[in-house]
Amino acid sequence: MRRGLARTFQINQLFPDLTPLETIGLAISERMGVGAQWWRVVGSSPAVVAEMVELLDRFHLTDAMYERTGNLPYGKQRLLEIALAIACRPRVLLLDEPAAGVPDDERHEILATVAALPAD
């Protein structure tokens, strides 16, 4: 992450007991250098909150932001993992088969979201 490289795995590497909101908030806080300040409430920084909302919206996760990640459909978990990688603001993003194993009805959303990512 600190070297500008982020990747997703073919098999999700998420915390099943956290919500998408918590997951993204922790990643952004860590990137901003406040992740180790465990005594602060995640999301107490307006900059962190604004970025959390933007990422959850861009990856179509606002409707599921308070659900446990382990309870999300597999397609939403894949979107969360990609959002998590983007939260690190990498210069290079590697996606290992982002739609592998995703049911056909959820695959389109993932492919469209990935296609909409900025090229720079």
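We did not get these values from a lab; they are worked out from the coordinates using the rules stated. Given the structure is predicted, the values throughout are model-derived calculations rather than measurements. Positions of Cβ are backbone-derived with ideal geometry, glycine not excepted, and every protein chain shown enters the neighbour counts.
Here are the numbers:
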{"item": "The chain: most fluctuating residue of 18, 55, 84 per GNM, C-alpha cutoff 10 Å", "result": "18"}
{"item": "The chain: angle of helix 20-31 to the longest principal axis, Cα-based, in degrees nearest 10", "result": "60 degrees"}
{"item": "Max mean-square fluctuation residue, GNM over the chain, Cα-Cα springs under 10 Å, options 47, 87, 99", "result": "47"}
{"item": "With eigenvalues of the C-alpha gyration tensor scaled by 5 and rooted, the chain, Å", "result": "22, 17, 13"}
{"item": "The chain: relative contact order as a whole-number percent, Cα under 8 Å and 6+ apart", "result": "41 percent"}
{"item": "Virtual spin-label span in nm between residue 71 and residue 92, 7 Å along Cα→Cβ", "result": "3.9 nm"}
{"item": "Qualifying trypsin sites (Lys or Arg not before Pro) for segment 71-120 [loop in DSSP, other Cβ within 10 Å: at most 11]", "result": "91"}
{"item": "Surface/4 estimate of mean projected area, convex hull on alpha-carbon atoms of segment 75-120, nm²", "result": "3.1 nm²"}
{"item": "Per-residue HN-Hα couplings for segment 89-101 [Karplus 6.51, -1.76, 1.60; θ = phi - 60°; Hz; x = Gly/Pro]", "result": "6, x, 7, 10, 10, 10, 10, 8, 6, x, 10, 5, x"}
{"item": "Within the chain: Cβ-based charge dipole about Cα centre, in debye rounded to nearest 20 (Lys, Arg +1; Asp, Glu -1)", "result": "580 debye"}
